[in-house]
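Q: To start, I am sharing the structure in question, which I have written as structure tokens.
Any read-out appearing in this document is the output of simple, stated calculations on the displayed coordinates, not a laboratory observation. All figures in this text were calculated on a predicted structure; none of them were measured in a lab. With ideal geometry, Cβ positions are generated from the backbone for all residues, glycine too; neighbour counts draw on all protein chains shown.
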Amino acid sequence: MIEVDALTKVYPGGIEAVKGVSFSVDPGEVFGLLGPNGAGKSTTVGMLTTTVTPTSGSARVAGHDVATEPIAARSASSVVFQEQVVDRSLSGRRNLALHASLWRTPAARIDELAASFGLDGLLDRPVETYSGGQCRRLEIARALVSDPRVLFLDEPTVGLDPRIRHELLDLIDGLRDGGALTLLLTTHYLDEAERLCDRVAIIHRGEIVALDTPAALRSALGDEIVELRVDGDGERSLVRLRDQGVAGEAAFAVGSTLTLPLANRGAAATIAEIEVLELPVTSISTRRPSLDDVYLRLTGGRLHEAA
Ligand SMILES: Nc1ncnc2c1ncn2[C@@H]1O[C@H](COP(=O)(O)OP(=O)(O)OP(=O)(O)O)[C@@H](O)[C@H]1O
Ligand SMILES: [Mg+2]
């Protein structure tokens, strides 16, 4: 449903925002682009929705080339941008109706969408009186007015409080019902990608550094991880742990935190071996690997801090 081949974008001034990304998304799939601020997520979505012109490479949406058949590509898809696009001075209903007239959508569809997005009570109020979560729901409903085959959601939950965020995640999860819709969403929240996506591409500085199911990405690190905090430079402790055969290739250090995937080793035995080495350990714990670990291992940067 989406095919991306060696797509690049160089903005004026030589900023290489996207450096040759390739991936494809199956019909009915929920696909995530996960990456920190500035990774190139919105630029990629922009190229797939024809608002950004690719510098090179190609992309097709529902079989239509975004560069040579932009109108066809655009009419098969819909997008909820990172920035708000609804008119805040108008009511929710008016916003939906304007969009519906553009797409010749029957008025009954508006009520149907409003009901399924929990908007019916608010539809006749100006959007400026909506909360952030209500506004997001309206934007998603608006995007679905055209009955798209592909829906792009650029950071759908950014800026929402945790409870509203979880409600919205449920709602997005509900969109996959029946598999008629293909979804591509971007996020820098790992839990969001894990919860919603069938597959995730981790994007870092304009390049895809990993692409798989969330479970497979995590399983590259085994079932369990030992996390150590040390006083001072983590790299130095990591070298000792490697020399002593306690840490393997998959282990990594960021600042003073060391992450040791256990592979087939036991946690208790590993912790005992670490204690013998008398490193300047300030805390030690075990946990299951997360996508955060996958990202850190691949990029050496914290997802929320990396620029
Ligand atoms: N119109 C533009 N002109 C010049 N540079 C741009 C433009 N839009 C984005 N960039 C640059 O391209 C890079 C990628 O930006 P992009 O918005 O695609 O990242 P992102 O992954 O969506 O980040 P965020 O999580 O902050 O939304 C950044 O370095 C950004 O500054
Ligand atoms: Mg963005």
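Q: Under the rule a/c < 1.5 gives rounded, and otherwise a/b versus b/c splits prolate from oblate, where does the range 222-288 land using the Cα gyration tensor?
A: rounded
Q: On to the next question. Work the Kirkwood hydrodynamic radius out for the chain: mean of 1/r over every pair of different alpha-carbon atoms, inverted, in Å.
A: With all distinct Cα pairs of the chain included, I get 21.2 Å.
Q: Can I ask one more? Going 7 Å from the Cα of N264 toward and past its Cβ, which residues in the range 211-251 have a backbone nitrogen under 18 Å from where you end up?
A: Only 219-225, 245-251 pass the distance filter.
Q: While we're here: Expressed in nm to one decimal, what extension gain is obtained for the pair T129 and S22 from 0.36 nm per residue of sequence separation less their Cα-Cα distance?
A: On the way: separation 107, 0.36 × 107 = 38.52 nm, distance 4.14 nm.
So the extension gain works out to 34.4 nm.
Q: On to the next question. Provide the net charge surrounding V230, with neighbours chosen by a C-beta distance below 12 Å and charges set as Lys +1, Arg +1, Asp -1, Glu -1.
A: Value of the local net charge: -2.
Q: Given the Cα-Cα distance of D243 and R229 and 0.36 nm per residue of separation, how much length would full extension add, in nm?
A: Computed gain between D243 and R229 is 3.2 nm.
Q: Label-point separation (nm) for D177 and D111, each offset 7 Å from Cα along Cα-to-Cβ?
A: Modelled inter-label distance: 1.8 nm.
Q: Go through 67-74, 26-33, 281-288, 185-192 and give me the packing order, highest mean Cβ count within 10 Å leading.
A: Ranked from most to least packed, the peptides come out as 185-192, 26-33, 67-74, 281-288.
Q: Using a Förster distance of 41 Å, how high is the FRET efficiency between N37 and E273, based on the Cβ-Cβ distance and rounded to 0.05?
A: Efficiency computed from Cβ-Cβ geometry: 0.60.
Q: Using a basic spin-label model with each label point 7 Å from the Cα along Cα→Cβ, how many nm lie between V209 and S285?
A: Taking the simple label geometry, V209 and S285 are separated by 2.3 nm.
Q: Evaluate the distance, in nm, between pseudo-label points positioned 7 Å from the Cα of D87 and of V254 along their respective Cα→Cβ axes.
A: Between D87 and V254, the simple spin-label model gives 4.4 nm.
Q: Then there's this: In whole angstrom, how far apart do the alpha carbon centroids of the range 252-303 and the range 113-157 sit?
A: Cα centres, the range 252-303 to the range 113-157: 42 Å.
Q: Now for a separate question. Short version: ³J(HN,Hα) in whole Hz for each residue of the range 119-132, in order, from phi by Karplus 6.51 cos²θ - 1.76 cosθ + 1.60 (θ = phi - 60°), x for Gly and Pro, what are they?
A: My calculation for the range 119-132 gives 10, 4, x, 10, 4, 9, 8, x, 4, 5, 8, 7, 6, x Hz in order.
Q: Next question. Just rank K19, K41, K9, fewest to most, by other beta-carbon atoms within 10 angstrom.
A: Numbers: K19 18, K41 26, K9 22.
The fewest-first ordering by Cβ neighbours comes to K19, K9, K41.
Q: Here's something else I'd like to know. As a test, work out the antiparallel percent of DSSP beta bridges whose residues both lie in the chain, rounded to the nearest 5.
A: Working: 35 of 53 bridges.
Roughly 65 percent of the beta bridges in the chain run antiparallel, per DSSP.
Q: If you don't mind, there's one more thing I want to ask. Within a Cβ distance under 11 Å of P214, other residues only, what is the Lys/Arg minus Asp/Glu net charge?
A: Values: positive: R195, R199, R218; negative: D191, E192, E194, D198, D212.
So the environment of P214 carries a net charge of -2.
Q: Let me ask another. With each run of n ≥ 4 DSSP H residues scored as -39500 (n - 2.57), what mean residue ellipticity at 222 nm is computed for the chain after dividing by its residue count and rounding to the nearest 500 deg cm²/dmol?
A: -10000 deg cm²/dmol
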